[in-house]
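Contents: one structure, followed by commentary.
The values are calculated or read from the model by the stated rules, or taken from the named source; none is laboratory data. Keep in mind the model is a prediction, meaning the values are calculated, not measured. Cβ atoms come from the backbone with ideal geometry, glycine included; neighbour counts cover every protein chain shown.
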Ligand SMILES: [Zn+2]
């Protein structure tokens, strides 16, 4: 399982725009920046340089 605790989620913000993140199965997505931050073993990688671009079709 790759779930993040609600407590952790509530304090996590996009490092780029400081906006709320949208939890996905194995990542956290910022739809404003169209970036996806990976979560490995429950540890979110919030480095902008490691983020993956969100596909436009996913940003809904
Ligand atoms: Zn953002």
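Can you name the condition, by its number, that residue 16 falls short on among (1) surrounded by fewer than 15 Cβ atoms within 10 Å (Cβ to Cβ); (2) out of contact with any helix residue (DSSP H, G or I) (no Cβ under 8 Å at 6 or more places or on another chain); (3) not in a helix (DSSP H, G or I)?
Answer for residue 16: the failing condition is (2).
Quick one: would you say residue 11 is out of contact with any helix residue (DSSP H, G or I) (no Cβ under 6 Å at 6 or more places or on another chain) and either surrounded by 15 or more Cβ atoms within 10 Å (Cβ to Cβ) or at pLDDT 95 or above (or both)? Walk me through how you get there before you give the answer.
Numbers: out of contact with any helix residue (DSSP H, G or I) (no Cβ under 6 Å at 6 or more places or on another chain): yes; either surrounded by 15 or more Cβ atoms within 10 Å (Cβ to Cβ) or at pLDDT 95 or above (or both): no.
So residue 11 fails the test.
Name the single residue, out of those in the stretch 14-37 being more than 7 Å from the ligand (Cβ to nearest atom) and more than 8 Å from the chain's Cα centre (by Cα), that is farthest from residue 48 (Cα to Cα). Break it down into steps so the answer makes sense when it comes.
Just the residues of the stretch 14-37 that are more than 7 Å from the ligand (Cβ to nearest atom), to begin with: 15, 18, 20-29, 31, 34, 36-37.
After this cut, where a residue has to be more than 8 Å from the chain's Cα centre (by Cα) as well, the list is 15, 18, 20, 25-26, 31, 34.
On the way: 15: 7, 18: 12, 20: 15, 25: 19, 26: 17, 31: 14, 34: 11 Å.
The extreme case among them is 25.
Only residues that are in a strand (DSSP E or B), buried (at least 16 other Cβ atoms within 10 Å of the Cβ) and either in contact with a strand residue (DSSP E or B) (Cβ under 7 Å, 6 or more places away or on another chain) or free of Cβ contacts under 8 Å to residues at least 12 places away in the same chain (or both): list them for the stretch 23-60, please.
Step one: of the stretch 23-60, the residues in a strand (DSSP E or B) are 23, 27-30, 35-40, 43-44, 52-53.
Next cut, buried (at least 16 other Cβ atoms within 10 Å of the Cβ) only: 23, 27-30, 35-39, 44.
Selection gives 27, 28, 29, 35, 36, 37, 38, 39, 44.
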